[in-house]
Each structure stands twice: as C-alpha cells, then as structure tokens.
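*Asks:* Starting off with a structure, shown below.
The values are calculated or read from the model by the stated rules, or taken from the named source; none is laboratory data. Quick caveat, the model's predicted, so the values are computed rather than measured. Methodologically, a virtual Cβ is constructed for each residue, glycine included, from the backbone with ideal geometry; neighbour enumeration extends over all protein chains shown. Areas reflect the complete protein model, heavy atoms only, side chains present, ligands, DNA and RNA absent. Shrake-Rupley method; radii C 1.70, N 1.55, O 1.52, S 1.80 Å.
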Amino acid sequence: TTWVHEYPNRNVPLDALRSMEKDGAIGEVFKEYLVTCGIMSAVGTMQKLGHEMGEYLKENGVEGAILTAT
C-alpha cells in the first residue's frame with residue numbers, strides 16, 4: 001500500500017477518469033469509492049457483500065465499474 005499512499009491514482013485512476021469525463025468519453029464519475037479488504041475474508045461473506053455493493057450501484061444508476069487489486 002505504500003505505493004498507493006504515495007500516488008493514489010495507482011489504485012484508482014481518478015485523474016484519467018476525470019479527463020475522460022471532461023472529454024465526454026464517459027458519463028459522470030460516481031461520488032463514492034467502494035472498497036473491501038478482501039484478504040482472509042470468508043467467501044460467503046464476500047459474496048454477500050459483493051451482491052449488496054452491486055445492488056447499491058445499480059440503484060444509483062452506475063453502469064460500469066473498475067475493479068482493481070493491490
């Protein structure tokens with residue numbers, strides 16, 4: 001995580017997304033960043049959380065997502 005703390009756009013390319021948003025290549029960037037720890041988590045718990053996150057995004061009109069890992 002040290003590299004991400006030094007330059008957050010390594011994990012979430014917000015600089016590129018804002019540029020694409022400005023150019024009209026994509027719609028509006030969602031106001032929130034959803035994240036989980038993922039490591040050593042129970043599969044069932046993470047499946048439930050993933051489903052809930054997906055539903056939340058759909059309810060808020062999000063049509064795409066970027067999935068990153070560290």
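*Asks:* Return the residues of the stretch 53-64 that are open to solvent by 80 Å² or more (accessible area, probe 1.4 Å) and either part of a loop (DSSP other than H, G, I, E, B) or touching a Gly at 6+ places or on another chain (Cβ under 8 Å) (or both); say none if nothing qualifies.
*Replies:* Correct list: 63 only.
*Asks:* Still on this structure, please answer the following. Within the group 44, 54, 64, 50, which residue is under 17 Å from residue 12 (Cα atoms) and of a type outside the set (D, E, K, R)? Steps first, answer last, please.
*Replies:* On the way: 44 fails: under 17 Å from residue 12 (Cα atoms); 54 fails: under 17 Å from residue 12 (Cα atoms); 50 fails: under 17 Å from residue 12 (Cα atoms).
Matching residue, one of 44, 54, 64, 50: 64.
*Asks:* Here is a further query. Could you tell me which numbered condition residue 4 fails, if it satisfies all but one of (1) among the β-branched types (Val, Ile, Thr); (2) in a helix (DSSP H, G or I); (3) at pLDDT 85 or above?
*Replies:* (3)
*Asks:* Right, another one. Considering only residues that are open to solvent by less than 80 Å² (accessible area, probe 1.4 Å) and over 15 Å from residue 62 (Cβ atoms), which ones fall in the stretch 21-49?
*Replies:* 24, 25, 36, 38, 41, 42, 44, 46, 49
*Asks:* Consider only pairs whose beta carbons are under 9 Å apart and that are at least six residues apart or on different chains; among these, list those whose first residue lies in the stretch 21-35 and is touching a residue at least 24 places away in the same chain (Cβ under 8 Å) and whose second residue is open to solvent by 100 Å² or more (accessible area, probe 1.4 Å).
*Replies:* Final answer for the pair search is 27/63.
*Asks:* Okay, moving on. Can you tell me how many residues within the stretch 23-70 are polar (S, T, N, Q), modelled with pLDDT of 90 or more and in contact with a Leu (Cβ under 7 Å, 6 or more places away or on another chain)?
*Replies:* 0
*Asks:* Taking the residues in the stretch 7-17 that are within 14 Å of residue 66 (Cα to Cα) and part of a helix (DSSP H, G or I) as candidates, determine which candidate is most open to solvent (accessible area, probe 1.4 Å).
*Replies:* If we take residues in the stretch 7-17 being within 14 Å of residue 66 (Cα to Cα) and part of a helix (DSSP H, G or I), then 10 is most open to solvent (accessible area, probe 1.4 Å).
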